[in-house]
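Read the structure below first, then the notes.
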Amino acid sequence: MKNTLVIAVLIALSLLLFACNNGNSVAAAPSPSQSQPPESPVILPGGSDQSGEAGGEQKPPEQPTEESDRTSPYDPSIYVIEASGTWQQELAPGYYVNYECEMYLDKVDSNDNRTASGMYTGSFWMNATIDASEFITDMIGDAPISLQFDAGGEAISDNLTMNLLDGFERDPFKDYNIPGGSGESVSPVQAALADEGSFVALGKSVYLEAHARGAQGEKVDYSGPGTSASNAELNYVIHVDPDPTMTATQLRVTIHLYNAEGMNAVIEGVWKRLPGYPDDVLDYANSGKQNEMLNRHMD
């Protein structure tokens, strides 16, 4: 009986301890009505926040604009303009002047060699010859006379300068228009280099020869001395095609040449960008390229 009582007490104590432990476990556990704060998502460096919270969105890299490209400088460069052309001017019916010209300009500036705008210097050569064969034929008619007439000369400028600027720097009150092929005027765009002005070309090697023969053997010969003529003032407008990406090594050049005597011509050429690091500048200076064109016509 005594043993039975002891076993019953032990069983009762075991049930009581079990109930206490079970109650403590339930109290420590959160109730179903309580909510835990959501865990913050893990964001990897450079990744995007899938929750859409501010600061988590990755922005695409900015693309360069045309304006930023336009203002970026070239690599150190030497800038060269070469142009040439031929044209004819009618002075009277059947009486013509045939022109031929060449121009060479460059910009070699160690302090400003990363921009194409600025002062270009160089030389200009022009040759003019008279073609009066039709005029003489009409003048003589059926007269038993043969007449030959030959005249011409050269003009040279060895200190030509042009200040080429874009539309942000050009004088807004000057006229930079060039006659177009259909009679319209062509204006330079904002990003294009342009200039207008005048220069003086010195007359050189002017000549005049006339030879006449009559039916009875009469003859008259005249040959004028090869002396210098008076100076000629020429006006110009020049356009260089734009280079908005600042990557070109060659661009088209258009030049309008005219004077007060009615000469009027539009010629084309090319703008070139050559390497302009110190060794390149030295090689260019030693090449004699700056005087090559003028020396060829002075011989």
- Message: Checking the conditions here, which among Glu82, Glu169, Glu134 is of a type in the set (Asp, Glu) and under 28 Å from Gly224 (Cα atoms)?
- Response: Glu134
- Message: So, in the stretch 244-275, how many residues would count as being among the aliphatic types (A, V, I, L, M), under 19 Å from Leu164 (Cα atoms) and touching a Phe, Trp or Tyr at 6+ places or on another chain (Cβ under 9 Å)?
- Response: 9
- Test: residue in the stretch 258-267 that is farther than 30 Å from Ala143 by Cβ, free of Cβ contacts under 8 Å to residues at least 60 places away in the same chain and in a strand (DSSP E or B): yes
- Taking into account only those residues within the stretch 166-176 that are of a type outside the set (D, E, K, R) and surrounded by 15 or more Cβ atoms within 10 Å (Cβ to Cβ), which is modelled with the lowest pLDDT? Gly167
- Query: Taking Asp131, is it closer than 28 Å to Thr254 by Cα, at pLDDT below 95 and within 21 Å of the chain's Cα centre (by Cα)?
  - Reply: no
- Among the residues of the stretch 70-90 satisfying the criterion of being exposed (fewer than 14 other Cβ atoms within 10 Å of the Cβ) and more than 16 Å from the chain's Cα centre (by Cα), which is farthest from Asp195 (Cα to Cα)? Glu90
- Every listed condition ((1) surrounded by fewer than 18 Cβ atoms within 10 Å (Cβ to Cβ); (2) touching a helix residue (DSSP H, G or I) at 6+ places or on another chain (Cβ under 8 Å)) holds for Ser123 save (1)
- Could you list all residues from the stretch 129-146 that are of a type in the set (Ser, Thr, Tyr) and in a strand (DSSP E or B)? Thr129, Ser146
- Task: Quick one: Met126 ticks every box in (1) outside any strand (DSSP E or B); (2) modelled with pLDDT of 90 or more; (3) not small (Gly, Ala, Ser) except a single one, so which number is it?
- Result: (1)
- Item | Hits in the stretch 75-115 (condition: under 17 Å from Ser133 (Cβ atoms) and either of a type in the set (A, V, I, L, M) or touching a helix residue (DSSP H, G or I) at 6+ places or on another chain (Cβ under 9 Å) (or both)) | Leu91, Ala92, Pro93, Gly94, Tyr95, Tyr96, Val97
- Query: Which one of Gly203, Gly183 is closer than 28 Å to Glu268 by Cβ, of a type in the set (Gly, Ala, Ser), modelled with pLDDT under 90 and buried (at least 16 other Cβ atoms within 10 Å of the Cβ)?
  - Reply: Gly203
- Message: If the requirement is being surrounded by fewer than 19 Cβ atoms within 10 Å (Cβ to Cβ) and in contact with a helix residue (DSSP H, G or I) (Cβ under 7 Å, 6 or more places away or on another chain), which of these qualifies: Pro275, Pro244?
- Response: Pro244
- Query: Pick from Leu147, Leu193, Leu164: which is in contact with a strand residue (DSSP E or B) (Cβ under 8 Å, 6 or more places away or on another chain) and more than 21 Å from Asp241 (Cβ to Cβ)?
  - Reply: Leu147
- Message: Out of everything in the stretch 148-165 that is surrounded by fewer than 18 Cβ atoms within 10 Å (Cβ to Cβ) and of a type in the set (Asp, Glu), what residue ends up being farthest from Ile130 (Cα to Cα)?
- Response: Asp158
- Query: Got a number for residues in the stretch 247-258 being surrounded by fewer than 16 Cβ atoms within 10 Å (Cβ to Cβ) and in contact with an Asp or Glu (Cβ under 7 Å, 6 or more places away or on another chain)?
  - Reply: 1
- Query: Which condition does Asp158 not pass, out of (1) in contact (Cβ under 8 Å) with a residue 24 or more places away in the chain; (2) outside any strand (DSSP E or B); (3) acidic (Asp, Glu), if it passes all the others?
  - Reply: (2)
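The values are calculated or read from the model by the stated rules, or taken from the named source; none is laboratory data. Being a predicted model, the structure only gives us computed values, none of them experimental. Ideal geometry is used to build each Cβ from the backbone, glycine not excepted, and the neighbour counts take in all protein chains shown.
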